Amino acid sequence: MFPSQFEYSAPDSLEEALATLGQRADESKVLAGGQSLIPLLKLRFAAPATLIDINRVPGLDAVEESDGHLRIGTLARHNQIASDTLVGERYPTIATAAPQIADPLVRNLGTLGGSLAHADPAGDWGSVMLSLNAEVVARGPSGERIIPIDDFLVDIFTTSLNEDEIVTEVRVPKPEGSYGGTYLKLERKVGDYATVGVAVHLELDGDTISRVGLGLTAVGSRNLKATSAENALAGNSCSDELFAEAGRLAAETADPVSDERGPAVYKRAVVETFVKRGLAEARDQARAR
Ligand SMILES: Cc1cc2nc3c(=O)[nH]c(=O)nc-3n(C[C@H](O)[C@H](O)[C@H](O)COP(=O)(O)OP(=O)(O)OC[C@H]3O[C@@H](n4cnc5c(N)ncnc54)[C@H](O)[C@@H]3O)c2cc1C
């Protein structure tokens, strides 16, 4: 099916993009990689009057460390992040997740900001960013807003972004001391959305867990933070028993539905196993770092 008619705007600056968006925010859509929005337009699930293509806005795809954060521009493509040297060396949760997203074609175009703004509970980046306590930076008519990822993701395909705001950047706090992390994803075939995904970030002070983050994919109406498991882990020494308990608690947090990817009980069991496995992997990395 063809999309319904819309006006197309391709501004050269963020200011221009915001001004155009501000004119008819409730009838406009921002276009980034188009990998989710274009199919929605073609199916006519979305029919905006104006499409604001931000791909010509310079400076929105940088990946760099500054002010105690890794700062990833909203237009950074999944593939760009997967091959970024800094990410590969210092951010293992991000580095393991990026190449598991979709297929090479989608990874070449899909963006980090677009994924988060789309807020698909089966999207991988939401869980990764929850595990890392990331913040989303948004610009609107009244300036910049910094939104913790847990507040940004509200519900299925729903964020706390205002209609007249544009995501510009995602900020990840730099890890401290010894740390490790991973993203474990079960998919029916390569390139598929997750049946279940688990993001793990672990920081150790000696053998004590000083900081931990666990994000769950495709087992709720949004990406979930496994808070009770995180609380059980924080401040304690690493042990297989503790990791098993964290897996059990994370499986309780998960709220999956039975569908063509498997029954809910199976998905919970995968969460439990992935949390245990991911924590052990992150601990081994942290000890070696
Ligand atoms: C075949 C296929 C397989 C896929 N598999 C996976 C997968 O395994 N895992 C996964 O995580 N994802 C998967 N995706 C989704 C993919 O990662 C998309 O790239 C992503 O969901 C949307 O990013 P985008 O840049 O294409 O955004 P777009 O499609 O351009 O936009 C998506 C939404 O976000 C809004 N938006 C975009 N950028 C901004 C911004 N800067 N500020 C405000 N709003 C904005 C748009 O208005 C729109 O509502 C898949 C997609 C396809 C087509």
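Note on the range 132-155: residues that are hydrophobic (A, V, I, L, M, F, W, C), touching a Gly at 6+ places or on another chain (Cβ under 9 Å) and touching a residue at least 40 places away in the same chain (Cβ under 8 Å) total 2.
Just the residues that are of a type in the set (D, E, K, R) and closer than 9 Å to Ala138 by Cβ, please, taken from the range 152-168. Scanning the range 152-168 gives a single hit, Glu165. Considering the range 242-268, and only residues there that are out of contact with any helix residue (DSSP H, G or I) (no Cβ under 7 Å at 6 or more places or on another chain) and among the small types (Gly, Ala, Ser), the residue that is surrounded by the fewest Cβ atoms within 10 Å (Cβ to Cβ) turns out to be Ala264.
Residue check: Asn231 meets all listed conditions (1) surrounded by fewer than 20 Cβ atoms within 10 Å (Cβ to Cβ); (2) under 24 Å from Ala95 (Cβ atoms) but one, namely (2). Across the range 39-61, the number of residues qualifying as open to solvent by 50 Å² or more (accessible area, probe 1.4 Å) and more than 8 Å from the ligand (Cβ to nearest atom) comes to 10. Take the residues in the range 69-92 that are within 14 Å of the ligand (Cβ to nearest atom) and of a type in the set (A, V, I, L, M, F, W, C); name whichever of them is surrounded by the most Cβ atoms within 10 Å (Cβ to Cβ). Checked the range 69-92; the qualifying residue surrounded by the most Cβ atoms within 10 Å (Cβ to Cβ) is Ile72.
Screening the range 174-187 for residues that are out of contact with any helix residue (DSSP H, G or I) (no Cβ under 7 Å at 6 or more places or on another chain) and away from the ligand (no atom under 16 Å from the Cβ) and picking the one that is modelled with the lowest pLDDT gives Glu176.
Take Val190 and tell me if it is within 16 Å of the ligand (Cβ to nearest atom) and under 13 Å from the mean Cα position of the chain (by Cα). No: the conditions fail for Val190.
Total residues in the range 173-197 satisfying the condition of being open to solvent by less than 20 Å² (accessible area, probe 1.4 Å), of a type in the set (Gly, Ala, Ser) and part of a loop (DSSP other than H, G, I, E, B): the figure is 1. The range 93-157 holds strands (runs of 3 or more DSSP E) entirely within its bounds, and those carrying 3 or more residues that are open to solvent by less than 40 Å² (accessible area, probe 1.4 Å) and either modelled with pLDDT of 95 or more or near the ligand (Cβ under 10 Å from one of its atoms) (or both) map to 135-140. Restricting the search to the range 1-40, which residues are of a type outside the set (A, V, I, L, M, F, W, C), within 19 Å of Thr74 (Cβ to Cβ) and in a loop (DSSP other than H, G, I, E, B)? If the condition is that a residue be of a type outside the set (A, V, I, L, M, F, W, C), within 19 Å of Thr74 (Cβ to Cβ) and in a loop (DSSP other than H, G, I, E, B), then Pro11, Asp12, Ser13, Gly33, Gly34, Gln35, Ser36 are the ones that fit. Of all the listed residues (Ser36, Ser66), the sole one being within 9 Å of the ligand (Cβ to nearest atom) and open to solvent by 20 Å² or more (accessible area, probe 1.4 Å) is Ser36.
The values are calculated or read from the model by the stated rules, or taken from the named source; none is laboratory data. Here the structure is a predicted model, which is why all the values come from computation and not from measurement. So basically every Cβ, Gly included, is an ideal-geometry build from the backbone, and we count neighbours across all protein chains shown. Areas reflect the complete protein model, heavy atoms only, side chains present, ligands, DNA and RNA absent. Shrake-Rupley method; radii C 1.70, N 1.55, O 1.52, S 1.80 Å.
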